[in-house]
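*Asks:* Before anything else, here's the structure in question.
Taken together, the values in this text are just the output of simple stated rules run on the coordinates, not laboratory data. Just so you know, these numbers come straight off a predicted model, no measurement behind them. Neighbour counts run over all protein chains shown; Cβ positions are idealised from the backbone, glycine included.
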Amino acid sequence: MDFSYTETQDMIRETLSRFLADTYDFDSRGKMIASATGRDAGIWKALAQDLGMLGASFSEEHGGLGGGHLENALIMEELGKVIAIEPYLQTVVLGGGALKAVGGAIADAVIPEIIGGNVVIAFAYAEPQGRYNLANLRTTAKKDGAGYVLNGHKGVVYAAPWASHLLVTARTGGSGSEAAGVSLFLIDANLPGIVRRDYPTVDGFQASEIYFENVAIPGDALLGGEGAGLPLIEQIVDEATVAVCAEACGVTFKLHQGTLEYARQRNQFGQPISRFQVLQHRMVDMFMEVEQSKSMTTMATLKLDLPAAERMAAVSACKAKVSRAAKFVGQNAIQTHGGIGITQELAIGHYFKRATMIEGQFGSADHHFDRFEKLTLAE
Amino acid sequence: MQLEFSPEEIAFQQEVRSFIAENYPENLRSVQDEGHDLSKEDFLSWHRILAKKGWIAPAWPVEYGGTGWTATQRFIWSEELAAADCVGTMPFGLSMVGPVIYTFGTPEQKARFLPGILSGDDWWCQGYSEPGSGSDLASLRTKAVRDGDDYIVNGQKTWTTMAQHADWGFFLVRTDPDAKQQEGISFLLIDMKSPGVTVRPIITLGGEHEVNEVWLEEVRVPVDQRIYEENKGWTCAKFLLAHERTGIAAVARSKRGVEKIKQIARTEMDGDKPLLANAFFKRKISELEIDLTALEFTELRSLAGEAAGKGPGPESSLLKIKGSEIQQRITELALEAVGHYGAPYFRGFGEGDNEHPIGPDYAHRAAPTYFNTRKTTIYGGSNEIQRNIIAKMVLGI
Ligand SMILES: Cc1cc2nc3c(=O)[nH]c(=O)nc-3n(C[C@H](O)[C@H](O)[C@H](O)COP(=O)(O)OP(=O)(O)OC[C@H]3O[C@@H](n4cnc5c(N)ncnc54)[C@H](O)[C@@H]3O)c2cc1C
Ligand SMILES: Cc1cc2nc3c(=O)[nH]c(=O)nc-3n(C[C@H](O)[C@H](O)[C@H](O)COP(=O)(O)OP(=O)(O)OC[C@H]3O[C@@H](n4cnc5c(N)ncnc54)[C@H](O)[C@@H]3O)c2cc1C
């Protein structure tokens, strides 16, 4: 057993943290969000080309640094510390994760492009009726000659307005929430018949409603076996869930730190409010939530390559805990700030918003308690 | 003690119910249903209807324009308003400064200010908090110096709700810098159009503009706009805070909120079943509902005490704490209920095409409302301060 980071991992964290300190201060982030595209594409290029960061979790054969889940986690944590709106989760963790899992020609073609910063992938999986059930799909991909024809509606697809590629879940067979018949595709985001309605999200990203209207896609867009994609989808979503938990560690760390700083300098009744014991204990509780989030994220990151049932139980345990921590830390950060906490001008509120969205991303605490129980509490 | 309404009370209930059904503005209903922000005009349209009917200020004494209803009738009235999902009335005139004026004001002040509050012609805002004086309100520094028949006021207020729409504001200002904190404060009514008053917006987390900074620079305020004696403003302020706290339980409105969540949970799908079939979600709704019942009966007991001549005392802090926590939990659950569609930020774009709507209407305000409602445990005396009050005044520690 060894919980220490390698020199390369320490270097990744330091390089990234320095870069983000220079580029991602609160004002710059606000400007990116307010700009026409809702982001600064130059940051993505720099992450790829100047820092080599997008290759951290890919193999050396593909031009990466040879890392994996741990690298993704520590990069996501740093991104969380500045509430970055970069499509790392979608492009590298989900898209890259799927490509690494299937390998072959498509991986050889696309992974180097991800590493080079030339590709942005959005993950089109959620449907209005499906909630957190990955198999509850109405989007269909019907076999048509060598390829498929895609029809359906995907909701709230983060990063879609920026995407060159879409990672899409669809039914090639079966119905309802059946496991069989679910397939995963990686397609060009600009194919004819793809209709998007773009919008900003409350946590600063851009997202879209995506409608597939008889979209013809080539046969080699299929990742993994036809109709047998669910285990792969569950795997990459688990990896993404842990990545989001790592992001939450960064977000809640800053929420706690910001609260502590504020409480030290805000005076009421002739003393810093940090002297009030009720606030002290609350900040201690926040601290403990942040620490436990880090512990659970470490645990789940290290278990991502275990057999599916063990992996799922670990990921659900982690997400259930982190979702609750995100809520607790976020709400109490605002409460401890008082009125100033609910203004747009202060960064703290924006961290709170991202923390809130993380609570439900890839499943609420309830959803994960439920999955955990199904896996671990046989009657 | 009895729980059932009397025949007279049932008749009253029918009367107010049909009045609301027949008079509530249609266009207001649709603005609310589609989840849009309400404008000042929206609020005023309903206010004016109630004013015309004479039902705008049920809590006021009859001589000043109240309805003379019993506590039970007032309870029925607020239940019916909430059940019909009517917009509220702005509290600053009707629940705050109005009672201060009819309790502490001179006959001239009553004649001058109460009619505008009732009619809705005058909108009010509350200028208490300052950047350096939030929970510790009595440390406020905005100062008023006597100059002939005027005060000259200088200072800065903040978090002033609706100041951008207000015709008048009631302000706490320091008139004696040498007295002990609470003893040097006066209660002034200031015309918001006075030279030297500047209102600057503060945008809150949901993107809304409801609070402001108010700067007062050499503002002349006639002495006859001071309520009660000079340096005795704290008495008015404390009286008003107690009034503010009773309404803050918001039981009827929260009941409506719980119903709305049930409605959402019946519509939202959780895979193959409606969300309401999800055991976890159901449990959260029932916990909320049971806590709300506990709050409701605590409020009813406290109202009974009031009717028996005991004014709202420090127990009203309990109503504020529990009421605000429940309001927050309702918004929390609503956000949870809408799942993925909590994320789109609707203030970020215009009307958009109808062919491709973004999620259900009920989801549009879920996240901003959740963010915004964090305020309820902060304003009106934060919940920490309310707990301090209970500890000191009720528990005696
Ligand atoms: C099962 C058991 C085994 C023990 N074994 C040992 C032992 O082997 N050796 C030994 O020396 N002692 C032992 N103790 C004693 C133990 O250390 C004391 O009980 C403990 O220090 C608390 O002191 P107290 O009981 O006097 O409670 P108090 O100190 O009177 O505290 C009463 C309550 O007030 C709270 N409180 C006190 N001060 C503060 C503050 N500043 N801020 C906030 N809250 C405060 C406490 O948290 C507690 O809730 C044992 C106690 C128990 C119950
Ligand atoms: C949306 C909104 C609308 C408002 N509208 C108005 C308005 O119209 N008019 C107006 O005058 N004001 C208004 N306020 C201001 C409101 O009354 C203050 O925000 C409130 O009094 C808290 O003050 P503060 O924000 O300065 O927080 P602070 O007083 O700085 O408090 C920060 C934190 O410290 C805690 N704290 C402070 N003292 C203690 C203590 N002794 N013990 C334990 N904890 C403590 C608080 O509970 C809080 O958690 C509004 C506020 C909001 C958020």
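*Asks:* Report, to two decimal places, the Cα Rg of region A:236-325 normalised by 2.2 N^0.38 Å (N = number of residues).
*Replies:* 1.36
*Asks:* Percent of Cα-Cα pairs per 10 Å bin, from 0 to the last occupied bin, for the protein assembly as shown, please list those.
*Replies:* 2, 13, 22, 23, 17, 12, 7, 3, 0, 0
*Asks:* Sticking with this one: Tell me the relative contact order for chain B as a rounded percent, counting alpha carbon contacts under 8 Å between residues six or more apart.
*Replies:* 13 percent
*Asks:* Where a ≥ b ≥ c are the square roots of the eigenvalues of the C-alpha gyration tensor, would you call region B:163-256 rounded, which needs a/c under 1.5, or, failing that, prolate if a/b is larger than b/c, or oblate?
*Replies:* Values: a/c = 2.23, a/b = 1.27, b/c = 1.76.
It is oblate, given that a/c is not under 1.5 and a/b is not larger than b/c.
*Asks:* Shifting gears a bit: Rounding to the nearest 10 and keeping the result within 0 to 90°, find how far the Cα-based axis of helix A:69-81 lies from the longest principal axis of chain A.
*Replies:* On a 0 to 90 degree scale, this one is about 50.
*Asks:* Could I ask something else about it? Got the relative contact order for chain A handy, in percent, Cα pairs under 8 Å and 6 or more residues apart?
*Replies:* Numbers: 690 pairs, mean separation 54.3, N = 379.
Reported as a whole number, the value is 14 percent.
*Asks:* Follow-up. How large is the charge dipole for the protein assembly as shown, taken about the Cα centre, if only the Cβ atoms of Lys, Arg (+1) and Asp, Glu (-1) carry charge, to the nearest 20 debye?
*Replies:* 1360 debye
*Asks:* In addition: Take the Cα of A:T37, step 7 Å along the line toward its Cβ, and report every residue of region A:144-183 whose backbone nitrogen sits under 11 Å from that point.
*Replies:* A:162-164
*Asks:* Next question. Using the basic label-point model (7 angstrom from Cα toward the beta carbon), what is the B:K40 to B:A242 distance in nanometres?
*Replies:* Result: 3.3 nm between the two label points.
*Asks:* Okay, next question. Distance cut-off 25 Å, Cα to Cα: go down the list B:K255/B:K322; B:K238/B:K322; A:K353/B:K375; B:K110/B:K320; B:K110/B:K238; B:K143/B:K392 and report the pairs above it.
*Replies:* Numbers: B:K255/B:K322 14 Å; B:K238/B:K322 21 Å; A:K353/B:K375 14 Å; B:K110/B:K320 29 Å; B:K110/B:K238 20 Å; B:K143/B:K392 30 Å.
Pairs exceeding the cut-off: B:K110/B:K320; B:K143/B:K392.
*Asks:* Would you work out the charge dipole size for chain A about its Cα centre, treating the Cβ of every Lys and Arg as +1 and the Cβ of every Asp and Glu as -1, and quote it to the nearest 20 debye?
*Replies:* Numbers: 32 positive and 43 negative charges, 241 e Å.
For chain A, the charge dipole is close to 1160 debye.
*Asks:* Which order do the peptides B:224-234, B:313-323 come out in when sorted by mean C-beta neighbours inside 10 angstrom, highest first?
*Replies:* On the way: B:224-234: 18.8, B:313-323: 21.4.
My ranking of the peptides, most packed first, is B:313-323, B:224-234.
*Asks:* Tell me the label-point distance for the pair A:E60, A:I106, using the 7 Å Cα-to-Cβ offset, in nm and rounded to one decimal.
*Replies:* Each label point is offset 7 Å from its Cα along the Cβ direction, giving 2.8 nm.
*Asks:* If I model a spin label at B:Q32 and B:R146 as a point 7 Å from the Cα along the Cα→Cβ vector, what separation in nanometres do I get?
*Replies:* Spacing of the two 7 Å Cα→Cβ label points: 4.9 nm.
*Asks:* Quantify how strongly other chains surround peptide A:200-207 by giving the mean number of their Cβ atoms within 10 Å of each of its Cβ atoms.
*Replies:* Mean shielding count: 5.
*Asks:* What share of all Cα pairs of chain B, in percent, falls into each consecutive 20 Å distance bin?
*Replies:* Going out from 0 Å in 20 Å bins, chain B shows 24, 58, 18, 1 percent.
*Asks:* Net charge within 10 Å of B:T67 by Cβ-Cβ distance, Lys/Arg positive one each and Asp/Glu negative one each, not counting B:T67 itself?
*Replies:* So the environment of B:T67 carries a net charge of +2.
*Asks:* Calculate how steeply helix A:308-337 sits against the longest principal axis of the alpha-carbon atoms of chain A, using the helix alpha-carbon long axis, and give the answer as 0 to 90 degrees to the nearest 10.
*Replies:* With rounding to tens, the tilt is 40 degrees.
*Asks:* Along region B:192-208, what does the Karplus equation 6.51 cos²θ - 1.76 cosθ + 1.60 (θ = phi - 60°) give for ³J(HN,Hα), rounded to whole Hz, x for Gly and Pro?
*Replies:* Values per residue, Gly and Pro as x: 5, 8, 4, x, x, 9, 10, 10, 10, x, 10, 8, 9, 4, x, x, 8 Hz.
*Asks:* So what is log10(I(q)/I(0)) for region A:7-119 at q = 0.14, 0.15 1/Å, when the Debye sum runs over its Cα atoms only?
*Replies:* The computed values of log10 I(q)/I(0) come out as -0.54, -0.61.
*Asks:* Here's another thing I want to ask about it. In region B:248-394, if every C-alpha pair distance is counted and binned at 10 Å from zero, what percent goes to each bin?
*Replies:* Taking every Cα pair in region B:248-394, the percentages come to 11, 33, 30, 17, 8, 2.
*Asks:* Ok, one more. Could you list which residues have their amide H under 5 Å from that of B:W60, counting only those 5 or more apart in sequence or on another chain, with H placed in the peptide plane?
*Replies:* B:T67
*Asks:* Counting other beta carbons within 10 Å of each residue's own, what order do A:L94, A:L20 fall into, fewest first?
*Replies:* Neighbour counts put them in this order, fewest first: A:L20, A:L94.
*Asks:* Partner chain Cβ atoms within 10 Å, averaged over the residues of B:277-284 - can you pull that number for me?
*Replies:* 2
*Asks:* By how many degrees, between 0 and 90 and to the nearest 10, does the Cα long axis of helix A:230-265 differ from the longest principal axis of chain A?
*Replies:* Taking the Cα atoms of chain A, the angle to A:230-265 is about 20 degrees.
*Asks:* Another question, then. Got a sec to turn the phi values of region A:350-362 into Karplus ³J(HN,Hα) couplings, 6.51 cos²θ - 1.76 cosθ + 1.60 with θ = phi - 60°, whole Hz, x for Gly and Pro?
*Replies:* Result, ordered by residue: 6, 5, 4, 5, 5, 4, 5, 5, 5, 3, x, 5, 6 Hz.
*Asks:* Working out 0.36 nm times the residue gap between A:S164 and A:Q344, then minus their Cα-Cα distance, what length gain in nm do you get to one decimal?
*Replies:* Additional length available on full extension: 61.6 nm.
*Asks:* Please label the shape of chain A as rounded, prolate or oblate, based on the square roots a ≥ b ≥ c of the eigenvalues of the alpha-carbon gyration tensor (a/c under 1.5 means rounded; beyond that, a/b larger than b/c means prolate, else oblate).
*Replies:* prolate
*Asks:* For a footprinting-style exposure proxy, rank A:L191, A:L184 by other Cβ within 10 Å, fewest first.
*Replies:* Ranking A:L191, A:L184 by Cβ neighbours within 10 Å, fewest first, gives A:L191, A:L184.
*Asks:* Additional query: For a label point 7 angstrom out from the Cα of B:N231 toward its Cβ, which stretches of region B:159-190 have the backbone nitrogen within less than 14 Å?
*Replies:* Under cut-off, by backbone N: B:174-187.
*Asks:* Also: Mind jotting down the three principal axis lengths of region B:103-261 based on Cα atoms? Whole angstrom, largest first.
*Replies:* Computed over the Cα atoms, the extents are 57, 34, 32 Å.
*Asks:* Still on this model: Report the extension gain between A:S175 and A:E291 in nm, rounded to one decimal, defined as 0.36 nm multiplied by the number of residues separating them, less their alpha carbon distance.
*Replies:* Working: separation 116, 0.36 × 116 = 41.76 nm, distance 4.24 nm.
Roughly 37.5 nm would be gained on extension.
*Asks:* Exposure proxy check: A:H62, B:H36 ranked by fewest other beta carbons within 10 Å?
*Replies:* Ascending Cβ contact count within 10 Å gives the list B:H36, A:H62.
*Asks:* Okay, next question. Give me a single rounded figure for A:342-350: the average over its residues of other chain Cβ atoms within 10 Å of their Cβ.
*Replies:* Per-residue shielding by partner chains comes out at 4.
*Asks:* To the nearest 20 Debye, how big is the dipole of region A:231-376 about its Cα centre, given +1 on the beta carbon of each Lys and Arg and -1 on that of each Asp and Glu?
*Replies:* 500 debye
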